2 protein chains.
Amino acid sequence: MRLATLKRGGRDGTLVAVSDDGARVAPVAGYATLQAALDDWDAAQDALANAARAAQSGEAVSPQDFAAPLPRAWQWLDGSAFANHAKLMETAFNMPPIETDLPLMYQGMSHQFIAPTDDVPFPREADGIDFEGEFGVITGDVPMGCCAADALDHVRFVVLINDWSLRAIAPVEMKTGFGWVQAKPACSVAPFAVTPDVLGDAWRDGRVCLPLTVEVDGEWFGHPNGAAMAYGFHELIAHAARSRSLPAGTIIGSGTVSNAEHETVGSTCLSERRAIEMIAHGAPKTSFLPFGSRVTMRAGEGDSPFGVIDQRVAAG
Amino acid sequence: MRLATLKRGGRDGTLVAVSDDGARVAPVAGYATLQAALDDWDAAQDALANAARAAQSGEAVSPQDFAAPLPRAWQWLDGSAFANHAKLMETAFNMPPIETDLPLMYQGMSHQFIAPTDDVPFPREADGIDFEGEFGVITGDVPMGCCAADALDHVRFVVLINDWSLRAIAPVEMKTGFGWVQAKPACSVAPFAVTPDVLGDAWRDGRVCLPLTVEVDGEWFGHPNGAAMAYGFHELIAHAARSRSLPAGTIIGSGTVSNAEHETVGSTCLSERRAIEMIAHGAPKTSFLPFGSRVTMRAGEGDSPFGVIDQRVAAG
C-alpha cells in the first residue's frame, strides 16, 4: 500500500491512497489525515484497502499536488547508522571516533516537513547548504522499553527523506554536545509512504536494500545502497524507546546513506564528497549549494517506490 | 490571564481559564484546546477574556484534574542559560568550558508533557533519575530570522517546567555531539500557563525574576531566582528561529535555574548539588532519586502563579 497527502485541506493536508503508477489517488473514508489513520491503525485497515483499490482508477494528480506524507509529525529522531560516513568524516577532519557502542541519534525538528516539489528556503548561502539522502520509517505507537526483536512490528511505513543541513553551523553546535538546532532546519520527504510489503525483498533485516540516487542540477551525484546500515531500523526504534514511549507517527531516519564503495557509488551529501576530496587532495573541491540549485532524490533501479523529491534551494 | 488544560476530553485535553485562586475554571467558547487558541490568537482574545471572567465563579476543580497546559506540543527547545550551572559542572567534572558565544540549546521530545500531579515513570533507578527546575515560554508563530528585539512580542505564556533527566546516560550522549535522546524523557509542567502581564514586575528583560522553589520528599532543596539568565527568552527565541520558523505552541526552556549564591539559595537539580559536593569534598554525597521520591516545584514568594508541580517518581 502506498499512501500520500495532498496539499488541499487543513495544515495536515488530505490523506489519499495512491495508484501503482503514482499518478492517481483516492481519499480514505473516515480518515482525513495520515496521522488520523496512524492513531487508529487496526480499525483503519478496511478503509485503507478500499482506497488503495479505488486509487487505480482514481483522480489524476500531478507531483506538485503532494505534501510530505506527514506535513508535521510529533517526533523526528534521526540516526547516523552508516559507518562509512562516520569513518570518512573522522578521517577528513582528523577527529577521534565518537565514543559509543550505541546507535547515534538526535532529536530533530518535526513541526514541518517540506513537500517534495516545493522550494526550500534558507536564510543565507554562507551557512553551507547541504542535502542528506536518507531512508526513514514511520512507526505506530511503541511502548517504552520495546526491544529490537519486537520493534519491526511497529513499522507502519517506509519513506525517503532529504535531511537538509547547514554545514557552517553543524560542527559549532556539535562541539557543544547539545546536538543541532540551527544546523538542522526542516527536512523534505518524497510523496509516497509505503508499507514494507511494497518493497518486497528490498525490505530486509530492518533495512531498505535499495540504491538512493541523488542528482544535483541534473548531474548524477551518487547512488549508495541502504543495505549498509550498521544498525537496522528495529535497533534504532529500540534505542529511541529506551526511556520514552514513541507516539504513532514518529519518524526515525537512517542518517545519510553511505557505502564503502564510494568511489563507484558516490555519496548522498556534499559534506561526504568534500571529505573524500580532502582525504585525496588535502582540500575540498566541491562547493555547498548556491540558491537556485536543484536537488533530486529517488530510490531503486526503476520507478522509485517513494516517488521523487525534486526541489530548488531558495533564499528564505 | 491564566489558562490551563483539564484532562477530560481528547488527547489534548480541554482548555479552561482559571480563577485568581486557581481553584475554579471556565471553558473557552470556540476553543477546545490551548493549541487551537494559540493557532488563532488574535481572534481568540474575546473568548479568552470572557472565560477569564467566568472562571472566578466557575466550576470547582482539584489539582489532579489538570493536565500539562500543552499535553503535547509541536516543538520543545530547551536552553541552558544559567552561567553558574555550567561553571559548576565544568569545575566538578574538570571539563573545558563549552566553546560557543551563542546560547546553548537542544531539541527535546515534545509529544508528551506530564500532568503536574501524575506519577512519572522511569525504566530504572540506575539511570540516575534527576529533576531540573526551569521556567519556559510558549510562543506564537515566529518567522524565520526573527531578531531578539522583536521576539518578546511572540511570547504568549510563561510556564514552570520540571525537565526530568537521566544522569547516567546524559554524559554518554553528550560526548557524541548529537545531544540527548535517552537522557531526556518527557518533562512535567505546572498547571497554569500565564500571560506575561500576570507576573507584573517579575517579567523583566525576557526573564522570570522569581525564585523557583524545589522540595524533595518535603524537604527544601533550593530556591534560586530566574533573573540570573545569561540570555533572556527573547534571545533564546531569536537563536531558535535563526534557520527555521517556530510554530505557535513552541515551548522554549531556560535550562535549570541556578544562582551564584548557591550556598544560600540551593539548586534546582541534584546534579548541580552533587557538583558542589564534589568541588567541596571530592565526591558527591547526595544520591539520585529512588522510585517513590516526591518532587515539588513552585515559583514566587506566596502563591505560585503557575500553580504547583507535585509528583512521585515511579517504576515505568
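Restricting attention to the range B:277-316, which residues are over 23 Å from B:Leu210 (Cα atoms), in contact (Cβ under 8 Å) with a residue 40 or more places away in the chain and outside any strand (DSSP E or B)?
If the condition is that a residue be over 23 Å from B:Leu210 (Cα atoms), in contact (Cβ under 8 Å) with a residue 40 or more places away in the chain and outside any strand (DSSP E or B), then B:Met278, B:Ile279, B:Phe288, B:Leu289, B:Pro290, B:Phe291, B:Ser293, B:Gly316 are the ones that fit.
I need a count of the residues in the range A:157-174 that are in contact with a Gly (Cβ under 7 Å, 6 or more places away or on another chain) and surrounded by fewer than 23 Cβ atoms within 10 Å (Cβ to Cβ).
3
Kindly indicate the residue of the range B:33-82 that is acidic (Asp, Glu) and in contact with a strand residue (DSSP E or B) (Cβ under 8 Å, 6 or more places away or on another chain) and also surrounded by the most Cβ atoms within 10 Å (Cβ to Cβ) among those meeting that condition.
B:Asp78
Of a type in the set (A, V, I, L, M, F, W, C) and buried (at least 21 other Cβ atoms within 10 Å of the Cβ): does that describe B:Met278?
Taking the combined requirement at face value, the residue does not satisfy it.
Please determine whether any residue of the range A:108-131 is under 30 Å from B:Met89 (Cα atoms), within 13 Å of chain B (Cβ to nearest Cβ) and either buried (at least 24 other Cβ atoms within 10 Å of the Cβ) or not hydroxyl-bearing (Ser, Thr, Tyr) (or both).
Yes.
Hey, does the range A:269-283 have a residue that's among the β-branched types (Val, Ile, Thr) and in contact with a strand residue (DSSP E or B) (Cβ under 9 Å, 6 or more places away or on another chain)?
No, there is no match, as no residue in the range A:269-283 is among the β-branched types (Val, Ile, Thr) and in contact with a strand residue (DSSP E or B) (Cβ under 9 Å, 6 or more places away or on another chain).
For A:Ala73, are the conditions met, namely being within 25 Å of A:Asp141 (Cα to Cα) and at pLDDT 95 or above?
Criteria met by A:Ala73.
When you look at A:Ala148, is it without any contact (Cβ under 8 Å) to a residue 24 or more places away in the chain, aliphatic (A, V, I, L, M) and either within 14 Å of chain B (Cβ to nearest Cβ) or in contact with a His (Cβ under 9 Å, 6 or more places away or on another chain) (or both), yes or no?
For A:Ala148, the condition - without any contact (Cβ under 8 Å) to a residue 24 or more places away in the chain, aliphatic (A, V, I, L, M) and either within 14 Å of chain B (Cβ to nearest Cβ) or in contact with a His (Cβ under 9 Å, 6 or more places away or on another chain) (or both) - is not met.
Read through the list (1) buried (at least 18 other Cβ atoms within 10 Å of the Cβ); (2) more than 25 Å from A:Val16 (Cα to Cα); (3) within 12 Å of chain B (Cβ to nearest Cβ); (4) aliphatic (A, V, I, L, M), then give the number of the only condition that A:Leu88 fails.
(3)
Counting only residues that are under 17 Å from the mean Cα position of the chain (by Cα) and either outside the structural domain of A:Pro143 (by TED's automatic domain parsing) or among the aromatic types (Phe, Trp, Tyr) (or both), which one in the range A:217-239 is surrounded by the most Cβ atoms within 10 Å (Cβ to Cβ)?
A:Phe233
Within the range A:176-195, identify whether any single residue is in contact with a Gly (Cβ under 8 Å, 6 or more places away or on another chain) and closer than 17 Å to A:Met229 by Cβ, and answer yes or no.
no
Looking only at residues that are part of a strand (DSSP E or B) and more than 14 Å from chain A (Cβ to nearest Cβ) in the range B:163-208, which one is nearest to A:Leu236 (Cα to Cα)?
Result: B:Val189.
The values are calculated or read from the model by the stated rules, or taken from the named source; none is laboratory data. Note that the structure is predicted; figures quoted are calculated from it, not measured. Glycine also receives a Cβ, built like all others from the backbone with ideal geometry; neighbour counts cover every protein chain displayed.
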